[in-house]
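First comes the structure, then the notes that go with it.
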Amino acid sequence: MENPKGKILWIDDEIDLLKPHIILIEQRGYSVDQVTNGEDAIEIVKQKQFDLIFLDESMVGMSGLDTLPILKESNPYTPIVMVTKNEAESVMEEAIGKKIDDYLTKPVNPTQILAAIKKHLESRKIRSEKLSQDYLIGFHQLTTRLFDNLSWNDWLDIYIKLVGWSMELDKSPELGFEQTLRDQWREANAAYSKFVEDNYHDWVNKIYDEGTPNLSPDIVEKFLIPHLKNQKPTVFFVVDCMRLDQWLVMEELLEPYYTFQKDYYNSIIPTATPYARNAIFAGLMPIDIQKHYPQWWVGETNSEDHKANAYEKELLEEHLKRKKIKLDNPINYIKIHETEFGKKIESNILTYAQSHLTAIVINSVDMIAHSRSDFAILKEIAPDEAAYRSLTKSWFQHSSFFGMLKSLAGQDINIIITTDHGSIRCMRGVKVLGDRDTSTCLRYKFGKNVKAEQRHAMQIRNPNNYKLPNTGITVNNIIAKEDYYFVYPTDFHHFLQRYKDSFQHGGISMEEMIIPVITLRTK
């Protein structure tokens, strides 16, 4: 047979009884080689390459179970389907233990055989074709929705769909939808940026309508405090700079241990750690933190310094006092920013988890984002969004965070995981003007007379209206939209290239602002 759809080997000592099945398979475009014993099977796989093997479990001479490991050793990637009359559970378990890929019980019918062939030889093609059809339908539906009058919940639905499509298309790069998807993300983020620009003032000033989202200061009250009231030990993880897609790759690895309830909120702007994370722990907008706790507020000029988040424990303690939450013992507050320290916390997590509340901040994901900009090898390892997700998964598999969550599985405790903001892959640099006191962040600028084109940035001329502190010298603040980043005119082209294709945060995009809050329930 010229150019068969697949090459199949069928091993059975009663092969003549299977002729009708073999004829049907060949009529469907597959070639089938036939042998009647394990010894001949071992010899033929040394000479020829097969795409799929059907293996009888009970044969004269070498049994199927004896033949199986030798066939696997010859070619570990060829799927093997065991066919047997024996329905004993022990036989099935032994076959699975020897890495069988599928299992059929005699008498087999043509439908079973064709289903097994399609599963192992055509499933990728079938899934890709279905994915292609579904994505094209979804693409047109989503593009049409962008012209509607959307609520925040509509945007949440759009974001979840785009993340889902992105992760599905990761598995089928041969479909060639990468550019189409990138264009769709860009179009959606442009519309979302306008939506935020039009509505953010009302959100932070509590001019509510039905679709107003929870914001960073709402998280402890809405998602943590209800668990504290049930008196169980509670562990509250805040993973710095974690996007929804990054959480989902972690969720896949945690699925054997937990079920998940996912809620969502909208990060405040700037989507930067000193603003958004302090707001979470304090339960206050930045202007109110500065007003009520000036000793724990650091001004904009040092906003990227680690000292800007030196008082998260104190802010959380004051927050709980205001809400009249009495803990059985003092808060355990832990910030993990280094591998060895993380391993130490992992080894003691069950002890920490006996406390009423343990709050753990994990900086590793943020460090991955920033390190990718600084080290060429990381950009080579993670050149695009799909690879960035893969890098996150690789980190998580070997992280103290995963180790802690595995240790906590099965314990009668509350576990809540969230983040302060996400990040976006910045691809378009724009010129910005400002004086020497302007903040240095790539996605937002606070300073005197700082300027950029309005189509690239949200203008905030009175920070107090947006619940941001006013230092007295600040007369204009700008927040980058979409995937833009700010570059000064001096050495413009040098810095344009240096920061292009880097993951940043601080601005307005779905990836930075739409944030998951996950409640884990042990299985």
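Divide the volume of the convex hull around the Cα atoms of the stretch 338-483 by the residue count and you get 172 Å³ per residue.
Semi-axes of the equivalent ellipsoid of the stretch 425-510 are 21, 15, 10 Å, computed as sqrt(5λ) over the eigenvalues of the C-alpha gyration tensor in descending order.
For residue 468, the residues whose amide H sits under 5 Å from its own are 287, ignoring neighbours fewer than 5 places away on the same chain, with H placed 1.01 Å from N. Two numbers describe the Cα atoms of the chain: Rg and Dmax, which are 28.5, 91 Å.
Values of log10 I(q)/I(0) for the stretch 92-247 across q = 0.10, 0.12, 0.14, 0.17 Å⁻¹ run -0.66, -0.82, -0.93, -1.08, by the Debye formula with one identical scatterer at each alpha carbon and no solvent.
Taking other residues whose beta carbon is less than 9 angstrom from the beta carbon of residue 193, and scoring Lys, Arg as +1 and Asp, Glu as -1, yields 0. Starting from the Cα of residue 19, draw a straight line to each of the lysines and keep only those under 25 Å, dropping any in the same chain fewer than 8 residues away. Leaving aside lysines fewer than 8 places away in the same chain, those within reach of residue 19 are 5, 7, 46, 48, 85, 106, 118, 119. Under 5 Å from the amide H of residue 311 lies no amide H of any residue 5 or more positions distant or on a separate chain, with H modelled from the backbone and absent for Pro and chain starts.
Across the stretch 354-404, the convex hull enclosing all Cα atoms gives 81 Å³ per residue. For the chain, the longest principal axis of the C-alpha atoms and the axis of helix 385-397 are separated by about 80°.
Sequence-ordered 3J(HN,Hα) estimates for the stretch 414-419 from the Karplus curve with 6.51, -1.76 and 1.60 and θ = phi - 60° stand at 8, 10, 10, 10, 8, 9 Hz, glycine and proline given as x.
Over the stretch 216-417, what relative contact order in percent results from Cα pairs under 8 Å that are six or more residues apart? Working shown, then result.
On the way: 239 pairs, mean separation 74.0, N = 202.
So the answer I get is 37 percent.
Taking a sphere under 10 Å around the Cβ of residue 116 and counting the other residues whose Cβ falls inside, with K and R at +1 and D and E at -1, yields a net charge of 0.
The phi torsions of the stretch 264-279, fed into the Karplus equation with coefficients 6.51, -1.76 and 1.60 and a -60° offset, translate into couplings of 9, 9, 10, 5, 6, 10, x, 7, 10, 3, x, 8, 5, 6, 4, 5 Hz, rounded to whole numbers, with Gly and Pro shown as x. Each residue of the stretch 108-115 is assigned a 3J(HN,Hα), and the resulting list reads 8, 10, x, 4, 4, 5, 5, 5 Hz, derived from the Karplus form 6.51 cos²θ - 1.76 cosθ + 1.60 (θ = phi - 60°), x at Gly and Pro. Shape verdict for the stretch 125-196, please, from the Cα gyration tensor: rounded (a/c under 1.5), prolate (a/b greater than b/c) or oblate. The shape class here is prolate. For the set 161/323; 99/343; 262/406; 206/379; 323/481; 262/313, the pairs lying more than 31 angstrom apart at their alpha carbons are 161/323; 99/343; 206/379; 323/481. The order of the peptides 331-337, 118-124 by mean Cβ neighbours within 10 Å, most packed first, is 331-337, 118-124.
Multiplying each eigenvalue of the alpha-carbon gyration tensor of the stretch 7-108 by 5 and taking the square root yields semi-axes of 19, 16, 13 Å, largest first, rounded to whole angstroms. The stretch 411-444 and the stretch 24-43 have Cα centres spaced 59 Å apart.
Its DSSP H runs of at least 4 residues, each contributing -39,500 (n - 2.57), put the calculated 222 nm mean residue ellipticity of the chain at -13000 deg cm²/dmol, to the nearest 500.
None of the figures in this text is laboratory data; all of them are computed from the coordinates on show. The model shown is predicted, which means the values in this text are computed figures rather than measured ones. Note that each Cβ is placed from the backbone with ideal geometry, even for glycine, and that neighbours are counted across all protein chains shown.
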